[in-house]
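Note sheet for the following structure.
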Amino acid sequence: MLHLCGSTNQLKQLTSQIVIHGVVEDGLHVVQLIRACFQLGAPELALNVFSSIEKPSLFLLNLMVKGLSDHGLHCNLLRLYKNCVESGIGSDNYTYPFVIKGCTSLCAVRTGEEIHCVVVKANFEDNLVVQTALVDMYAKCGRMRASQKVFDRMPDPDMVSCNALLYGYSFNGLDQEVFEAFRQFRMMWFAPNISTFVSLIPVCTNLGSLDLGKSVHCLAIKCGFSLDESLVPALISMYSAVEEVSFARELFDLLQEKNVIVWNAMISAYTQNKQPNKAFEVYRRMIQEGVQPNLVTFVSIIPSGDNLEDRCGESIHASVVKCGLEDQSSVVTALLSMYAKLRDMVTSQFLFDGIPEKKSILSWNSMMSAYIQNGLPDESLNRFCKMISTGISPDSISMINVISACTRLKDTQTGMSAHAYCLRNGLTNLNLSNTLLTFYCECDKLSTAIDLFSMMRIRNVVSWNTLISSCVHHGNINFVTELLHQMQYENVRFDLVTMISILPCYFERDGLLEGMAVHGHSIKTGFNTDVSLTNALISMYANCGDLYDCRVLFEGMQVRSVVSWNAILSGYRNYNLNQEVMVLFHQMIEEDQRPNSVTLLNTLPMCCSELQVKTIHAYAIRQGDLSEPPLLTSLICTYANFENLHLCQLLFEKADKRNVILWNAMMSAHLRNQNAEHVVALLREMLLLDQEPDHVTIVTLILACVQVNSFSLIQSIMAYIICKGFEKDILIRNALIDMYTRCGYISIARKIFDGMISKDIVSWSVMINGFAIHGDGKIALELFSQMKCSGVEPDDVTFISVLTACSHSGLVEEGRAVFNSMTEEYGIKPRMEHYACMVDLLGRTGHLSEAYELIKGLPFKPSESLLESALGACRIHGNFEIAEKIGSLLFDQDPKNSGSYVMLSNIYAAAGRWTDAIKVRSNMDDREVRKLLGFSTIEVDA
């Protein structure tokens with residue numbers, strides 16, 4: 001009768017009759033009944049039948065454990081075995097492998113160890129099948145040492161047991177041990193089978209070694225397994241992992257009969273290598289060949305949907321619905337992420353809301369990530385709070401999302417609270433630690449980031465790069481050097497990001513050798529062909545003043561991006577090489593490389609004529625870049641340099657008035673052209689439009705007050721500054737000190753200076769310069785001494801102010817001491833301005849010979865203003881001999897300057913040397929130098 005049962009209900013009715021009539025004790029019928037239960041998918045019924053037998057046999061027990069194992073009911077299997085042991089039913093070498101397999105599936109290693117003890121006690125330890133099951137259990141439960149011990153005690157291991165050990169090493173990430181074990185098996189003359197290669201190939205993928213992978217592939221071909229359906233997907237994954245998708249495709253095309261696993265592997269390979277169009281082409285071909293896609297297919301193809309055009313993502317979504325997989329959590333989550341990347345948060349939210357009430361942690365995490373990707377970190381944090389309220393405990397991915405949201409918001413307090421939550425709940429992994437590191441770096445908590453980094457037990461190159469990049473950003477170059485040495489000491493290899501991150505450290509000529517060392521390392525490691533790194537190297541050479549190597553590197557690039565052009569343009573601009581910049585700009589356009597706004601910003605300051613400015617202006621209009629505020633600002637400032645305030649005003653009128661930067665640019669344009677009244681008028685207009693000024697606006701106003709020199713206006717501006725709270729800013733205070741000193745109110749400037757709680761180098765320099773302007777050199781020197789006692793080191797600008805004070809007050813000895821201390825105490829190389837101050841000081845006080853010796857010993861060509869100052873001092877002191885030498889230097893430098901001839905002629909005349917005076921005038925006529933006629937203007941009331 002049992003063979004006639006075609007359904008579970010019929011089997012249940014028949015079982016009831018068997019139990020009622022007592023036939024259940026008939027061994028033959030019970031065996032047939034239990035087999036029928038498992039064949040019809042009713043394992044619960046088989047358990048009920050087995051439990052109704054008073055004294056089940058070992059054969060029935062083995063039948064039950066096999067059936068339960070085949071149906072994946074490992075909990076029931078272990079429970080049944082335990083009950084049988086307690087009731088005195090023995091086990092044999094057929095029972096134990098299934099029981100051990102149950103422990104393996106449940107990762108119940110403690111129970112597995114107990115079974116192992118029973119096996120040893122029952123003398124089944126030498127059974128090959130039992131031993132293989134134990135090897136497999138310990139390996140899959142992460143106990144590789146125990147697995148290896150069991151294997152080593154096997155007298156005659158076969159390839160099945162060898163594969164179990166290999167898989168264990170591979171499963172636990174012990175890649176080197178996998179190949180060492182495989183080498184030993186080959187020495188034992190074991191022939192590898194499909195299972196062997198299935199264990200070996202993922203290891204090649206993990207190691208990222210193409211050569212090793214090819215060797216394993218060749219061995220598989222030699223053994224006749226190259227086109228096995230179970231092996232091809234692993235090979236495809238291996239080749240795609242090392243970015244050799246073409247090899248994977250050739251292998252895929254060679255396989256005539258492809259199952260869904262092979263199709264999924266090829267789709268996943270293209271998706272992982274950012275080739276969405278090819279992934280979709282394989283997916284379409286799969287559908288055309290009648291292969292039914294499964295859950296893995298859609299999880300593989302959906303991530304490509306956000307990179308495809310023509311609404312391909314939506315068509316994939318339709319296929320998901322058609323296949324009835326729209327309720328699968330992994331598929332819905334992938335779709336949600338796809339729409340989020342397409343910036344369709346409405347659909348993402350709709351999909352999330354459509355998930356049943358008990359949403360998985362995966363879907364919550366995906367939704368939080370979606371909000372962050374779309375610039376909505378606040379919503380991400382709100383979603384996290386809702387997840388907590390539903391009773392779902394966050395995992396490490398959840399916390400990564402929370403900390404990333406805090407990083408975007410610069411929310412230090414919430415981020416640190418999230419860090420504390422991770423520590424309390426034991427949520428620690430490398431990705432989470434790296435996210436925390438980024439958070440502290442982005443929130444300007446560099447010291448905390450360094451502490452966190454030092455406590456990280458595991459660090460990868462991302463960890464190092466994050467900290468190095470932050471240190472470079474904060475200007476902590478010395479610590480960057482320490483980190484690089486530590487990286488090398490710990491054998492952490494520099495990657496592309498490392499080299500790009502450290503190159504900005506080298507921005508002066510002293511850093512050129514280190515920069516070249518990085519360049520050499522990039523060549524050695526094969527990264528030198530990367531465009532991004534080459535761009536960074538171009539910037540490094542330019543910043544270090546090596547424009548030759550910068551140009552050689554640029555010219556050697558096979559492919560140049562717009563960033564490449566911007567890098568070299570920026571380098572030439574920094575050295576004011578106007579002609580070279582304009583030539584490069586034209587070359588860029590000729591090579592069909594479209595300049596962007598950064599290119600134009602680099603080029604505009606280099607324009608030598610208004611025509612060039614208008615040409616770039618016209619180009620920006622054609623390209624549609626004129627709407628960008630930085631470019632508009634630069635155009636206004638450049639036209640102001642050529643005194644074309646009309647065009648400045650036109651640009652300003654068409655611009656968005658809500659941008660304070662444009663107001664500042666227009667004010668600066670008027671200020672540069674001595675139109676201080678217009679600056680004040682613009683402020684009035686700005687306030688009428690409810691546009692709030694910023695610090696730059698206030699500084700521009702203060703400079704306008706200096707031009708107007710109206711005390712009432714100064715007082716009004718000062719009142720406004722105090723009203724708005726700008727006076728607390730050190731930059732504003734420095735500007736106010738400078739304004740009051742230049743307008744003659746030195747006592748007010750000193751009062752502001754003395755009231756400053758903290759003073760920077762600019763504060764001291766401005767105040768010293770104020771007393772220098774007013775001819776009070778002794779107070780200036782006293783301030784200079786106070787500055788040094790306060791721990792603030794002077795810079796080159798401070799020395800100009802102090803030397804000017806000495807010059808205006810005639811303090812020769814003090815001036816000499818200050819000038820010498822520049823190099824001796826502070827290592828500052830004097831510039832032309834410092835030498836000019838010293839020449840002026842020596843000239844004013846009659847030390848003309850010393851002044852001339854200083855001029856002769858200049859390490860560079862003297863400026864005309866320096867020489868004219870010395871010549872003027874010769875006229876005052878009547879020293880025609882030195883005047884004659886300095887005049888010769890001036891004539892060589894600028895033979896058309898009439899002022900130099902006239903001054904030297906007057907010096908000769910004052911000394912009574914009329915012949916020499918007439919000779920100088922004659923030289924003027926010979927060189928066709930004409931003295932400019934003086935003129936006066938008066939204002940007449942109408």
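Computed from backbone phi, the HN-Hα couplings of segment 825-833 come to 9, 10, x, 9, 6, x, 9, 4, 4 Hz, rounded to whole numbers (Karplus: 6.51 cos²θ - 1.76 cosθ + 1.60, θ = phi - 60°; Gly and Pro given as x).
For segment 42-114, the list of GluC sites (Glu not before Pro) that fall in a loop by DSSP and count at most 14 other C-beta atoms within 10 angstrom reads Glu54.
Here the 3J(HN,Hα) profile of segment 117-132, calculated from phi with Karplus coefficients 6.51, -1.76 and 1.60 at θ = phi - 60°, is 4, 5, 4, 4, 5, 8, 6, 9, 5, 8, 6, 4, 5, 5, 4, 5 Hz, Gly and Pro shown as x. Highest mean packing comes first when the peptides 170-177, 376-383 are listed by Cβ atoms within 10 Å, giving 376-383, 170-177. Report the paramagnetic label zone for Ser710: residues of segment 685-703 whose backbone N is under 19 Å from a point 7 Å from Cα along the Cα-to-Cβ axis. Inside the label zone: 685-688, 698-703.
Residue exposure proxy: His586, His646, His71, ordered by other Cβ atoms within 10 angstrom of their Cβ from fewest to most, comes out as His646, His586, His71. Relative contact order for the chain: 3 percent, from Cα pairs under 8 Å spaced at least 6 residues apart, divided by residue count.
Fully extended, how many nm does the chain gain between Gln579 and Met455 (0.36 nm per residue separation, minus their Cα-Cα distance)?
39.3 nm
Each peptide in 269-282, 857-870 receives the mean, over its residues, of other Cβ atoms within 10 Å, and ordering these scores from highest gives 269-282, 857-870.
Under 20 Å from the 7 Å Cα→Cβ point of Arg622, by amide nitrogen: which residues of segment 564-592? Taking a point 7 Å out along Cα→Cβ of Arg622, the residues of segment 564-592 whose backbone N falls under 20 Å are 565-566, 581-592. For a paramagnetic label modelled on Asn62 (point 7 Å from Cα along Cα→Cβ), amide N atoms under 16 Å away belong, within segment 29-44, to 31-32, 35. Per-residue extension of 0.36 nm, minus the Cα-Cα distance of Glu692 and Ser87, leaves a gain of 209.0 nm for this segment.
Our coupling estimate for segment 68-76, obtained by passing each phi through the Karplus curve with A = 6.51, B = -1.76, C = 1.60 and θ = phi - 60°, is 5, 5, 4, 8, x, 8, 6, 5, 5 Hz, Gly and Pro reported as x. When you restrict to C-alpha pairs under 8 Å that are six or more residues apart and normalise by the size of segment 530-591, the relative contact order lands at 33 percent. Our note on the geometry: Cα centres of segment 758-793 and segment 464-542, 39 Å apart. Protection proxy ranking for 764-774, 825-835, using the average of other Cβ atoms within 10 Å per residue and placing the highest first: 764-774, 825-835. A Förster radius of 56 Å, combined with the Cβ-Cβ distance separating Glu243 from Arg831, puts the computed FRET efficiency at roughly 0.60. The separation of segment 568-584 from segment 804-843, counted between C-alpha centres, amounts to 34 Å. If R0 equals 41 Å, the separation of the Cβ atoms of Val531 and Thr414 corresponds to a calculated FRET efficiency of about 0.60. Once the chain from Ser52 to Glu490 is taken as fully extended at 0.36 nm per residue, the excess over their C-alpha distance is 151.1 nm. Mean residue ellipticity, 222 nm, helices only, the chain: the sum of -39500 (n - 2.57) across DSSP H runs of n ≥ 4, divided by residue count and rounded to 500, is -22000 deg cm²/dmol. Exposure proxy shown here: for Cys204, Cys550, the number of other Cβ atoms within 10 Å sets the order, fewest to most, as Cys550, Cys204. Other residues whose C-beta falls under 15 angstrom from the C-beta of Val812 contribute a net charge of -2, scoring Lys and Arg +1 and Asp and Glu -1.
Every number in this text was worked out from the coordinates using simple rules, so none of it is lab data. Remember, predicted model here, so these are calculated numbers, not experimental data. Neighbour counts are summed over all protein chains in view; Cβ atoms, including those assigned to glycine, are modelled from backbone coordinates with ideal geometry.
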